[in-house]
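These notes are about the structure you will find just below.
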């Protein structure tokens, strides 16, 4: 079982992001939802879930804790794919510049 | 008495040139003797040789073998000519029946589809020997001459785009613009069309999403380079004399710029497009957008439709020796960052278009940004480069920007 501090910390971050991004207080029952948070913490590192939360609030028009906790694997996969694409594109941009300068 | 088909097959049994039959598309022209041809083909595929006459005769006692024949190539060409004549007669007769029954639109659609099929049937596979240096040098000389005359590749005036497609958009190419909704795909394709037109090329824009008048407003906006407001043109707020004066100067000695759209009911297929190409003789074709087009082979399955369509457009580009630029939408899911540039895997319905395309340029734009990111996700003729364009859709101005100039 994950630390209580981590479980509640994750829910707290969700609530903070929801309020900061203008979606209001999600009204989460921390005592109930901590078990969903625990399942996520059993599967992923806390830093990874934290990054996924940031990404989710960036891409979703109507975020919900239920969706996040049920689809965290897809969200992480999408986030990683985007990070990889960004990295590859940066590398290609550098190569392209070299290619054009030599050209 | 031996007919053309039995003579052709006899010629094949005599000179054993089975590759001529494979290359010449014998499958589509042999009809009455398809069982005999099927047997010979299967035998040749299994044994790498043409069966002896006695084996064929054993299996097909009715086969009318001719001892004295010309070459397979000669008889196959005769057979293809005969087949073309027969099929053309049937097509014309059926179309005439439709016309007599007051079904002129159906007759036209039927004729366009049938003639496109016949053209495909009578086309040959093109081949080249890579070790033939003279042929290669002659080709490069020809390309260079065409480039010097400005009649080969089409350049866009956008530094990034032209850098990464060094020969421009060349005949036979299938290009794809891919983006999520409301990024600026249609605007960009029209910008490319206008640039081609300014270079003396004649574009054909197939718009299945907007009416021809809406497209024309956008075209005028881009041609005007800031002179016209798209918003005002759309509202009809234009001074007629001023517009006429501008148009006369702008269109003087310039080629045609054709825009076609459907009436919202009829279907536009690659066969119909081929008919339009024959009618207008454009230098480049833009299809806006792919998902609204129908394939020549009707199907209710959207994935199959897109696969067929992709292949048909590629073949159209090759056979007509014309570049075709198609717009395709990208499909985001509920965890996709819509501010990003889509990848090949996000092509809607089928990735076949990405496989068939010579180049695929993906567009992305952050919310409320006027800077469009362009990223070549596929490029058979250059580098997978990227560039930015600052777009002002109301004044129709598109300015190239380097990544270093813009803080992303």
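The values are calculated or read from the model by the stated rules, or taken from the named source; none is laboratory data. Owing to the predicted nature of the structure, the values given are computational and were not obtained by experimental measurement. Note that we place each Cβ from the backbone using ideal geometry, even for glycine, and neighbour counts take in every protein chain shown.
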Output yes when any residue across segment A:16-25 is touching a helix residue (DSSP H, G or I) at 6+ places or on another chain (Cβ under 9 Å), at positive phi, more than 9 Å from chain B (Cβ to nearest Cβ) and free of Cβ contacts under 8 Å to residues at least 60 places away in the same chain, and no when none is. yes
For segment A:57-70 the number of residues that are at the interface with another protein chain (Cβ under 9 Å from one of its Cβ atoms) and within 19 Å of residue A:34 (Cβ to Cβ) is 1
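This table checks each residue for (1) modelled with pLDDT under 90; (2) under 11 Å from the mean Cα position of the chain (by Cα); (3) within 14 Å of chain B (Cβ to nearest Cβ).
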{"position": "A:4", "(1), (2), (3)": "yes, no, no"}
{"position": "A:8", "(1), (2), (3)": "no, no, no"}
{"position": "A:42", "(1), (2), (3)": "no, no, no"}
{"position": "A:46", "(1), (2), (3)": "no, yes, no"}
{"position": "A:55", "(1), (2), (3)": "no, yes, yes"}
Scan segment B:269-291 for residues that are part of a helix (DSSP H, G or I), touching a residue at least 24 places away in the same chain (Cβ under 8 Å) and out of contact with any strand residue (DSSP E or B) (no Cβ under 7 Å at 6 or more places or on another chain) and report the count. 5
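I'd like to check which strands (runs of 3 or more DSSP E) are fully inside segment B:292-402 and have at least 3 residues that are within 14 Å of chain A (Cβ to nearest Cβ) and either in contact (Cβ under 8 Å) with a residue 60 or more places away in the chain or within 22 Å of the chain's Cα centre (by Cα) (or both).
Numbers: elements: B:324-329, B:359-365, B:371-379, B:386-392, B:397-401.
Correct list: B:359-365, B:371-379, B:386-392.
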